[in-house]
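Here's the structure, in structure tokens; my notes come after.
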Amino acid sequence: MSDVYVVGVDMIKFGRFPEKTVPQLGSQAALMALDDAGLTIQDMQALYCGNLGQANAMVGQRILQEIGQTGVAVVNCANACATGATAFREAWMSIKAGVFDCVLAVGVEQMGRGLLGGGGGGEGIPKEGLLGSGTMPAVFAEAGMEHARNYGTTFEQFAKVSVKNHHHSTLNPKAMYQIETPLDTVMNAEMISYPNTKLMCSVNVDGSAAAVLVSEKKARELGLNRAVKVKASVLTSDPYSDRDLVMPDVNGVTRIAAKQAYEMAGIGPEDVSLVELHDCFATAEILHYENLGLCSDGDAGRMIDDGEVALGGRIPVNVSGGLLSKGHPLGATGIANIYEVCTHLRGEAGDRQVEGARFGMTHVIGLGSACGIHILEKVA
């Protein structure tokens with residue numbers, strides 16, 4: 001089976017673009033990634049598109065209507081917040097299987113405003129608001145409070161995640177927000193669901209990202225000087241567990257994926273230079289330090305206190321600004337994370353560059369459940 005390489009990758013600056021359609025947004029990132037690879041749509045043998053909001057609208061085909069209909073296979077993916085990572089993985093698998101040598105993966109989303117999740121559904125008395133809440137802020141607040149109960153994690157430690165990621169965003173011109181948020185500003189912001197204040201919640205934005213994946217043979221033809229090797233690609237779902245179903249398990253699916261990814265890549269967490277993980281809420285980032293094996297259980301609060309996960313620390317996390325400030329267009333996030341890690345492995349991240357980066361990890365979780373993890377390696 002061929003190794004797989006990323007030879008072109010890019011993303012648009014995240015923001016709000018009501019004047020554009022979803023295919024137009026996706027097309028923009030697709031053309032940017034093709035330009036980055038020095039290729040055209042005529043060189044692509046397949047397109048894998050991730051989009052959640054218009055999952056039945058054949059967005060991949062509509063992107064080709066914008067940039068060139070060449071008759072290739074198109075696969076449309078929808079997998080909650082793991083949608084973009086799933087599209088990328090399907091593209092990876094097609095090359096790994098020897099079916100194609102050169103494919104395009106695109107993730108795109110146009111988001112609304114307000115809370116995600118919740119709702120009653122079904123017949124009878126609605127559960128939302130009566131038996132807790134299924135909105136995402138409430139789910140991840142509950143998970144954070146469970147961590148606090150078990151390990152003594154404090155409100156201030158959760159808030160420091162937001163301070164860190166907002167600072168990182170000031171170094172990323174493609175982030176939606178590029179502002180400093182001091183600790184007292186974060187802690188005193190409007191409370192959404194304790195301990196997550198408004199500045200500890202990810203941003204609903206529009207965005208797109210794309211990547212060109214090729215076989216090793218094709219990569220060598222194109223030149224390996226800026227190629228990035230995909231060392232591991234893993235997608236998991238929740239196993240059955242006998243637990244209280246009113247409190248979703250937001251940890252298990254990541255722990256399974258991380259174990260598989262490290263085994264596939266032949267490395268351990270100590271070898272990873274940087275991580276782009278799913279900080280949909282500040283509480284989530286703390287949990288995922290432990291879920292990804294970056295520290296032992298109960299040690300995540302110390303990691304944020306000691307600056308180990310900040311730029312310049314032992315293992316920088318979300319140097320892009322993360323979902324908290326870069327933004328979280330659901331279908332695009334998985335590939336946007338890959339763009340960020342590839343940029344560092346290529347040594348092209350500018351002021352936010354993680355020096356000496358060799359291995360990078362990306363992680364997304366779609367509650368419901370799906371977890372996509374990729375480990376990428378510097379080649380040249």
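Some points to look at:
- Being surrounded by fewer than 20 Cβ atoms within 10 Å (Cβ to Cβ) and within 30 Å of LEU34 (Cα to Cα) holds for only one residue in ARG226, ARG220, and it is ARG220.
- Residue check for THR343: closer than 20 Å to GLN110 by Cβ and crowded, with 24+ Cβ neighbours inside 10 Å: no
- Residue selected from region 171-215 under the condition among the hydroxyl-bearing types (Ser, Thr, Tyr) and under 27 Å from ASP351 (Cα atoms), by the criterion surrounded by the most Cβ atoms within 10 Å (Cβ to Cβ): SER208
- Residue check for LEU235: over 15 Å from the mean Cα position of the chain (by Cα), modelled with pLDDT of 95 or more and aliphatic (A, V, I, L, M): no
- Candidates VAL319, VAL364, VAL341, VAL272 - the one that is at pLDDT 95 or above and in contact with a Phe, Trp or Tyr (Cβ under 8 Å, 6 or more places away or on another chain): VAL272
- Single match in ALA46, ALA85 (criterion: in contact with a Ser or Thr (Cβ under 8 Å, 6 or more places away or on another chain) and either among the aromatic types (Phe, Trp, Tyr) or more than 17 Å from ALA336 (Cβ to Cβ) (or both)): ALA46
Every residue, every condition in (1) of a type in the set (A, V, I, L, M); (2) free of Cβ contacts under 8 Å to residues at least 40 places away in the same chain; (3) under 22 Å from THR236 (Cα atoms), yes or no:
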| site | (1), (2), (3) |
| --- | --- |
| ARG16 | no, no, no |
| GLY38 | no, no, no |
| LEU64 | yes, yes, no |
| CYS81 | no, no, yes |
| SER94 | no, no, yes |
| GLN110 | no, no, no |
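- Close pairs from region 332-351: first more than 17 Å from ALA210 (Cβ to Cβ), partner of a type in the set (Lys, Arg), Cβ under 6 Å, at least 6 apart: LEU345/LYS378
- Neighbours by Cβ (under 7 Å, 6+ apart or cross-chain): first from region 128-142, closer than 14 Å to GLU285 by Cα and modelled with pLDDT of 90 or more; second part of a loop (DSSP other than H, G, I, E, B) and hydroxyl-bearing (Ser, Thr, Tyr): ALA141/TYR194
- With respect to (1) in contact with a Leu (Cβ under 6 Å, 6 or more places away or on another chain); (2) surrounded by fewer than 21 Cβ atoms within 10 Å (Cβ to Cβ); (3) closer than 18 Å to ARG149 by Cα, the lone exception for PRO269 is condition (3).
- Residues of region 194-232 that are over 22 Å from the mean Cα position of the chain (by Cα), modelled with pLDDT of 95 or more and of a type in the set (S, T, N, Q): SER215 alone.
- Residue match in region 146-159 (condition: under 30 Å from VAL106 (Cβ atoms) and either hydrophobic (A, V, I, L, M, F, W, C) or not in a helix (DSSP H, G or I) (or both)): no
- Residue check for ALA55: under 24 Å from VAL253 (Cα atoms), buried (at least 20 other Cβ atoms within 10 Å of the Cβ) and touching a residue at least 12 places away in the same chain (Cβ under 8 Å): no
- Just one of the numbered conditions (1) β-branched (Val, Ile, Thr); (2) within 22 Å of the chain's Cα centre (by Cα); (3) outside any helix (DSSP H, G or I) is not true of VAL139: (3).
Conditions tested, residue by residue: (1) out of contact with any strand residue (DSSP E or B) (no Cβ under 7 Å at 6 or more places or on another chain); (2) of a type in the set (Gly, Ala, Ser); (3) closer than 22 Å to ALA80 by Cα.
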site: LEU31; (1), (2), (3): yes, no, no
site: ASP36; (1), (2), (3): no, no, no
site: THR40; (1), (2), (3): yes, no, no
site: CYS49; (1), (2), (3): no, no, yes
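The values are calculated or read from the model by the stated rules, or taken from the named source; none is laboratory data. Model, not experiment: these values are computed from the prediction. Every residue, glycine among them, receives a Cβ derived from its backbone with ideal geometry; neighbour counts consider all protein chains shown.
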